[in-house]
Every structure is written in structure tokens, then in C-alpha cells.
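Each remark here refers to the structure printed beneath this line.
What follows draws every value from the coordinates through simple rules; no lab data is involved. Bear in mind the structure is a predicted one, so any value in this text is a computation, not a measurement. Cβ placement follows ideal geometry from the backbone for every residue including glycine, while neighbour counts extend to all protein chains displayed.
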Amino acid sequence: MFGTQHLLTFLLAAIALNLVPGQDTLYIIGRSLSQGRRAGIVSVLGIGSGCLVHITAAAIGLYSVLALWPPAFSLIADAGALYLIFLGIMVWVNRKPIDLSGKPGTASDSDWLIYRQGMMTNLLNPKVALFFLAFLPQFIDPVSNLGAFSFLFLGLVFFCTGSVWCTFIALFASSFADTLRERPKVQMGFDLFTAMLFIALGAGLFLTHL
């Protein structure tokens, strides 16, 4: 179909890979816990948009060119790590203090900011680019001559399965948080957890490239 082979195997593998928690999943969980369902869904949209950019860039051969210069991926990885650390700091700095009634406030980041940060988090993760370069070609029929079209088709399949899973994660995490959010210390704990999560992710990525 569309110049691909072993499509069912690819679908099962894509679902299995999406179930493994990664940087994007943890970003969505953090946003959903600290800022609620809307922020979680917007994060999914931002990360999905970044994924579409990765798919398109890989399909047209851009990443194959970058792969010839390994320092390029290292620079992207370091930029992504620093960006995550920055996000973690900003989550804590921009948290709303507990008001006089004893109720916690939630962070007031705009939808556009959350979307943009989710997209940048995904775009600055070179592991996503390397994944598409290494994984998708295995399921493209070499005699089909459909080239980029087959690549885009498989990428969109992976995008759809991932978006469904990430949306479920956002809804589940935000629903869990909503049951506890009225407790001031719990909300503060969510904010601290999210901030430390982003900083730890960024530090981990940065240290692996030293």
C-alpha cells in the first residue's frame, strides 16, 4: 500500500514505540499535571506539529544531509537540552502563589506559548530525526519508486497513533491532577515536579553529549 511493505508490522511497532515514555510524553504529563487538561491538549498539538516537521524534513532528504555532519545533531541536542532546562526554570518562576483563601493558583501560560514550547521541545530533539531516518525506511518497498510519498504515509501513520496516545495521556494526567488540585500543597508539588522534570530531562540530554 502506497509503496510500503509489512504495514501491519509497522503499525504494531509504531504503537509499541509510542507506549514507551519519552521526552514528549513527559512534557505532556508535566503540563497536564501543573496546568490542567487544556494545557495538556495544547501540548499534544504542539508536539504533533513538531513531529510533522520532522517527518517532512526526513522525507525530502534534509536529515540525510545533516547526518553527513554529526556536529549538527550535537548542536541541536545541546540546544534542546538547554531549552528544557529553561522551561523548567520558567515553570517554577511563573507559578501562581497561593491566594489568601488558601487555594493554589495554576500557571497562566497562554495556549500559544504552550503550543510553541511543545513544538520547540520536539523539534530540538535530534533523536526524533534519527528515529525516522533509521526506522521508517525498513518498511518502504525498494521497488515502488514512490520515494518521499511512502515516507510521508508511514510518518503520518506514526503521527496518528502517537497523537491518540498522547491525548489519552494528557486527559488521564489532568483528570488525576484535578481531583487533588484544590489542595494548595498538592498544586505546589505539581509545579515543582514539572519544573524538576524538565530540568532533569535537559540535564540528562546535555550530559550525554559532553
Quiz item: What are the chymotrypsin sites (Phe, Trp or Tyr not before Pro) within the range 1-56 that DSSP puts in a loop, where the Cβ has at most 16 other Cβ atoms within 10 Å?
Solution: PHE2
Exercise. Could you go through the range 21-37 in sequence order and give the Karplus-derived ³J(HN,Hα) for each residue, using 6.51 cos²θ - 1.76 cosθ + 1.60 with θ = phi - 60°, rounded to whole Hz, and x for Gly and Pro?
Key: x, x, 4, 5, 4, 5, 4, 5, 4, x, 4, 5, 5, 7, 10, x, 4
Exercise. Please give the peptides 39-46, 118-125, 52-59, 17-24 ranked by average Cβ packing (other Cβ atoms within 10 Å per residue), highest first, as a rough proxy for protection.
Key: 39-46, 118-125, 52-59, 17-24
Quiz item: So who's got an amide H within less than 5 Å of the one on ILE140, skipping anything under 5 residues away but keeping other chains? H placed 1.01 Å off N, in plane.
Solution: GLN5
Quiz item: Mind ordering 134-144, 75-85 by average Cβ neighbours within 10 Å, highest first?
Solution: 75-85, 134-144
Exercise. With θ set to phi - 60°, apply the Karplus curve 6.51 cos²θ - 1.76 cosθ + 1.60 along the range 50-56 and write out the HN-Hα couplings as whole Hz, x wherever there is a Gly or Pro.
Key: x, 4, 5, 5, 4, 4, 5
